[in-house]
Amino acid sequence: MLSPSSDWLPQPPLEPLHLDWLTNAGIDVAVLRLDRIDPLISGNKWFKLIDHLRVAREAGAEGVISLGGAWSNHLHALAAAGKRFGFPTVGLLRGHPQDTPTVQDLQAFGMQLHWLGYGGYRARHEPGFWQPWQAQYPHLHPIPEGGGGLLGARGCGQLLTLVREQLSELDWNDHDGWWLACGTGTTLAGLVLAEAGRHPVYGVLAVPDDHGVAQQVEAILGECGLPDGGYALFDGSRGGFANVDPLLLEFIEGCEQASGIPLEPLYTGKALLTLKEQVEAGRFVRGTRLIFVHTGGLQGRRGAPFSQG
Ligand SMILES: *Cc1c(COP(=O)(O)O)cnc(C)c1O
């Protein structure tokens, strides 16, 4: 059985971000460092897993089975949690066997891997997809790709409490909104639910909008009867998920040197660059205080092939 130790709620640090373009515009930003919750388990993917793991435990499962790609931050967090909390994990991977640093970690953490090919992976939303896997692993609980859905969102809603507990250390009596990268929008939806209209949540699309992020957010909010809780989406994809250009890479390097905070180009770098564009376009009045969620993902920086789009 999954043990209650997997209910772990980390304490991510909240740190002020000092960058010239923020100071010049009079905008205060604090970074919620989800990249620093643990030496191995990183990022928003852990928060998306918390409620899925609780449901798995309540169902009497011994472990968990899930899906992802050869650079997946989700599978990485899941495999690391399995190792840390002592439950078995199985990963169903997109494509054909590859030997990425992520895959090497999954194996080192003891995750059992199955490569589905591309066609096999595309079938993941079809009814009956899970049947043979559940027959093979009857004691494992399936978690959807990326730890999404309402359960994934609920776990992320806890970030609001973790921020509130630390605001006084920054001498802030409140914050005025959130800024974060979106892939599926699950993390953003969790914050919108937790805020219930008190503060807006700004999401930067790391994938072009034909992936239906807004629809997925609306679906989660709709399930809770909160059709529009106050959020906005910005396209920061630079034309494609893996698209990286010299301007983005230079920006990331400059921010790292000035602030000491490491970023990666797929999510967090794009999110901060888009914040800079919006700040410089005058989107926020002087004195605005934003929480920038560092969603992690640094494990994927190790030698990933980015397309220069
Ligand atoms: C998965 C991921 C995101 C996107 O999270 P969603 O909940 O899918 O929107 C953002 N940043 C990083 C580093 C991620 O790994």
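Read-outs throughout are calculated quantities, based only on the coordinates presented, and are distinct from any laboratory measurement. Note that this is a predicted model, so its numbers are computed, not measured. Every residue, glycine as well, gets a Cβ built from its backbone with ideal geometry; the counts of neighbours run over all protein chains shown.
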In sequence order, what are the phi-derived ³J(HN,Hα) couplings for the stretch 65-71 according to the Karplus relation 6.51 cos²θ - 1.76 cosθ + 1.60 with θ = phi - 60°, rounded to whole Hz, with x for glycine and proline? 10, 8, 10, x, x, 6, 10
For K48, go through the lysines and keep the ones whose alpha-carbon is under 23 Å away, minus same-chain ones fewer than eight residues off. K83, K270
Going by amide H atoms built from the backbone, whose H comes under 5 Å of the H on F292, apart from near neighbours? A30, V31, L32, W179
Amide H to amide H, which residues 5 or more places from V201 or on other chains are under 5 Å from it, using H placed in the peptide plane? W178, Y231, A232
Rounding to the nearest 20 debye, state how big the charge dipole of the stretch 116-238 is about its Cα centre with +1 on each Lys and Arg Cβ and -1 on each Asp and Glu Cβ. 480 debye
Rounded if a/c is under 1.5, else prolate if a/b is larger than b/c, else oblate: which is the stretch 151-309, with a ≥ b ≥ c the root eigenvalues of its Cα gyration tensor? oblate
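If we sort 198-207, 234-243, 84-93 on the protection proxy, mean other Cβ atoms within 10 Å, highest first, what's the order? Spell out each step's value before the answer.
Details: 198-207: 22.5, 234-243: 17.3, 84-93: 20.3.
Listed from highest to lowest mean packing, they are 198-207, 84-93, 234-243.
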Order by neighbour count: W130, W179, fewest other Cβ atoms within 10 Å first, most last. W130, W179
Would you please state the base-10 log of I(q)/I(0) at q = 0.16, 0.31 1/Å for the stretch 77-129, with intensities from the Debye formula using one equal scatterer on every alpha carbon? -0.51, -1.11
